[in-house]
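Participant: There's a structure below that I have some questions on.
The values are calculated or read from the model by the stated rules, or taken from the named source; none is laboratory data. Since this is a predicted model, take the numbers as computed values, not measurements. Every residue, glycine as well, gets a Cβ built from its backbone with ideal geometry; the counts of neighbours run over all protein chains shown.
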Amino acid sequence: MFEIDTLAIIGLAVLCAGGLAYALIYPFLSGEVKADERRQAVAGTVARPIRKNEEASAKRPSIEETLKEIDRRRQNASRPPLSVQIAQAGLTMTKNRFLAISGALGVVGFLGVMILGVEPLWALAAGLALGLGLPRWVLGFLKKRRLAAFLNELANAVDVIVRGVKAGLPLGDCLRIVATEAQEPVRTEFRHIIEQTTLGIPLYEAVLKLYERMPVAEANFFCIVVSIQQKSGGNLAESLGNLSKVLRDRKKMKAKIVAMSQEAKSSAAIIGSLPPAVMIFVYMSTPHYISMLWTTDMGRLMLAGCLLWMFIGVLVMRKLINFDF
């Protein structure tokens, strides 16, 4: 009886040991451990693109914010204050000095016409034209000329940056080269960017301010490319190379449009100058014949009507021959 109990205990112990060994060793023998390791490896490779997608989605809001900021600055640049217009024209005077010069011109025009013995109403009109019209016209002319010079040089500046980035130079050093070697006004504008980054302003914010000083589409393109690259990364040399190609293509298209519309502009200039030229020649030959236009009431009324229709015609011709793209 004792022997049977001993054998039963030994058998149970062997079964327990065998079951424990089977539970511990069988996964290694059957390959379950390797299968689990493989499943974990596959899960890791699948999770890695998911993390990349999460990082991309995290970058996406910053790009959207950048584009919104650029659009906001573009809207503000469409209606700049007087001080910004003076800076865009390349002038160094202050707003108060510009207003003082405008007021002085208005007073000179008013007094000069009054000295000639003309009616006060006409003298007031002359003062307003000299005080408000002439300074603003000069400011707009200088601004337009400076923007044209900026566009002519911007593509070359972008090419310099592309070559510098391909050679391994940081973007800041490339901008310094442009701020030193480029032609005006690109040199001055890029110098402003370098000065702002030296003061601690991030590069993408300093670049965004370029469009406020140079409100042209090409400057906006440059701001978008550099700002997005600074926030989200990417191949800057390739992006700026494509931008340089776009700038040169737009320049060629603009020159082609100017050449095609030059005939219409010449015709409009000749047609617009014929009536005053005829008046001058008639006055030189027979003054008493043409002087009735400003010595009689009916003549002044006819002259005012002719001037109004001439002004409307000039505006219509200007609208027809000016192309925006």
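Participant: Go through the stretch 282-325 and give me each residue that's assigned to a helix (DSSP H, G or I) and of a type in the set (G, A, S). Working first, answer last.
Facilitator: Initial filter on the stretch 282-325 (assigned to a helix (DSSP H, G or I)): 282-285, 287-290, 292-295, 297-321.
Once the filter is applied, which keeps residues that are assigned to a helix (DSSP H, G or I) and of a type in the set (G, A, S), the stretch 282-325 yields S285, G299, A304, G305, G313.
Participant: While we're looking at this one, here's another question. Return yes or no: is M298 in contact (Cβ under 8 Å) with a residue 60 or more places away in the chain, surrounded by fewer than 14 Cβ atoms within 10 Å (Cβ to Cβ) and not small (G, A, S)?
Facilitator: Details: in contact (Cβ under 8 Å) with a residue 60 or more places away in the chain: no; surrounded by fewer than 14 Cβ atoms within 10 Å (Cβ to Cβ): yes; not small (G, A, S): yes.
Here the answer is no, as M298 does not meet what is asked.
Participant: Consider M279 against the criteria (1) at pLDDT 85 or above; (2) within 42 Å of the chain's Cα centre (by Cα); (3) surrounded by 13 or more Cβ atoms within 10 Å (Cβ to Cβ): it satisfies all of them except one. Which criterion is unmet?
Facilitator: (2)
Participant: Confirm whether L208 is within 14 Å of the chain's Cα centre (by Cα), modelled with pLDDT under 85 and of a type outside the set (D, E, K, R). First the steps, then the outcome.
Facilitator: Details: within 14 Å of the chain's Cα centre (by Cα): yes; modelled with pLDDT under 85: yes; of a type outside the set (D, E, K, R): yes.
Spelling it out, L208 is indeed within 14 Å of the chain's Cα centre (by Cα), modelled with pLDDT under 85 and of a type outside the set (D, E, K, R).
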